[in-house]
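The values are calculated or read from the model by the stated rules, or taken from the named source; none is laboratory data. Just so you know, these numbers come straight off a predicted model, no measurement behind them. We place every Cβ from the backbone using ideal geometry, glycine too, and count neighbours over all the protein chains shown. What goes into the accessible areas is simple: the full protein's heavy atoms, side chains included, and nothing from ligands, DNA or RNA. Shrake-Rupley method; radii C 1.70, N 1.55, O 1.52, S 1.80 Å.
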Amino acid sequence: MTTSPKYWLIVPAAGIGKRMQSDVPKQYLKLDNRFILDITLSRLLDHADFSGCMVPLSAQDQWWPDSAAAGDDRVQTCTGGSERADSVLSALHALEGQADENDWVLVHDAARPCIHPDDLANLIDTLSSHPVGGLLATPVADTLKQAGGGAIPEVEATVDRSRLWRALTPQMFRIGALKMALENSLAERQPITDESSAMEFSGNMPVLVEGRPDNLKITVPADLALAGFVLSRL
Ligand SMILES: Nc1ccn([C@@H]2O[C@H](COP(=O)(O)OP(=O)(O)OP(=O)(O)O)[C@@H](O)[C@H]2O)c(=O)n1
Ligand SMILES: C[C@](O)(CO)[C@H](O)COP(=O)(O)O
């Protein structure tokens, strides 16, 4: 008897947050006196039925023991890598022996605490019977300019945005396929900044599932207050 695939969660949290210009890695900055990482994990784990959650951490992480998630038996940790893709691949390897290659894995940035439960449910419902998987994304709403290569950024062209989307997370793929895609992409030194780009490099066309544009990634200092406002309204 074939069993239905399970759902696993990976929340990469091994970054140092250079662009945040903070002494503390941004996943450990606080909103409403809670680590951003804890907010993100609770908003995912409390709203979907995951078989397990793997959080890749920096080898230099000194904050994890003070997190609420450290005491949550649904959450495991492993050591991340130098780039986000390395951390995700490390987490996939850490799940070997627990997860089946045909199970689904959702990968969600620790730095995106504003994930809405409706988007999470819609992503899973839309893709659970799809052969490849896909990602939350939102159509580009601004006019996009391509800069020239000079020291002072000047407009070289206005880009046709009619078919352009901003990739968000979670991104949802089969564990075995994603592991192979990441290994191939990293071996070929492909510029991989999300799971979808690795799957695309392997010849797949992931599905774009429209999500809320307020599922922002905390990246620069101004994002912190914005995320706090969004969370206060969710
Ligand atoms: N080697 C890395 C780099 C990033 N991440 C995680 O991937 C998510 C998105 O990456 P990004 O926003 O780029 O985070 P940082 O790399 O920390 O930011 P920066 O590029 O400004 O240093 C974050 O939750 C981050 O912790 C990770 O697990 N391992
Ligand atoms: C995965 C991601 O959040 C999708 O937009 C983005 O690619 C992460 O990029 P970063 O440079 O690692 O923040």
Can you work out the accessible area per residue across region 7-232, with the rest of the protein chains kept in place, probe 1.4 Å, in square angstrom? 50
Quick check: at a probe of 1.4 Å, how many percent of the accessible area of the chain sits on carbon and sulfur atoms? 49
Place a point 7 Å from the Cα of T126 along the Cα-to-Cβ direction; which residues of region 202-220 have their backbone N under 16 Å from it? 205-216
How large is the direction-averaged shadow of the alpha-carbon convex hull of region 124-166, in nm²? 4.7
Whole-Å distance, taken between Cα centres, linking region 33-87 and region 122-169: 27
From the backbone phi of region 214-227, what are the Karplus-calculated ³J(HN,Hα) couplings (6.51 cos²θ - 1.76 cosθ + 1.60, θ = phi - 60°) in whole Hz, Gly and Pro given as x? 8, 7, 7, 9, 5, 10, 10, x, 5, 6, 5, 5, 4, 5
First select every other residue whose beta carbon is under 13 angstrom from the beta carbon of A69; then total the charges, Lys and Arg +1, Asp and Glu -1. -3
Over the chain, what is the percentage of antiparallel beta bridges among all DSSP beta bridges, to the nearest 5? 45
Restricting to lysines and to Cα separations under 29 Å from K30, and discarding same-chain partners fewer than 8 apart, the set is K18, K217
Place a point 7 Å from the Cα of Q76 in the direction of its beta carbon; the residues of region 177-214 whose amide N falls under 12 Å from it are none
Over all Cα pairs of region 125-194, how is the pair count split among 10 Å bins, expressed in % and running from 0 up to the last occupied bin? 16, 30, 32, 18, 4
Which of the residue pairs K6/K145; K145/K179; K26/K145 have a Cα-Cα distance greater than 31 Å in the structure shown? K6/K145; K145/K179
To the nearest 10 square angstrom, what accessible area does F229 show with a 1.4 Å probe? 120
Quick one: the Cα spread of region 7-232 along its three principal axes, in angstroms, biggest first? 52, 41, 34
Rounded to one decimal in nm, the spacing of the 7 Å Cα→Cβ label points at S51 and D23 is 4.4
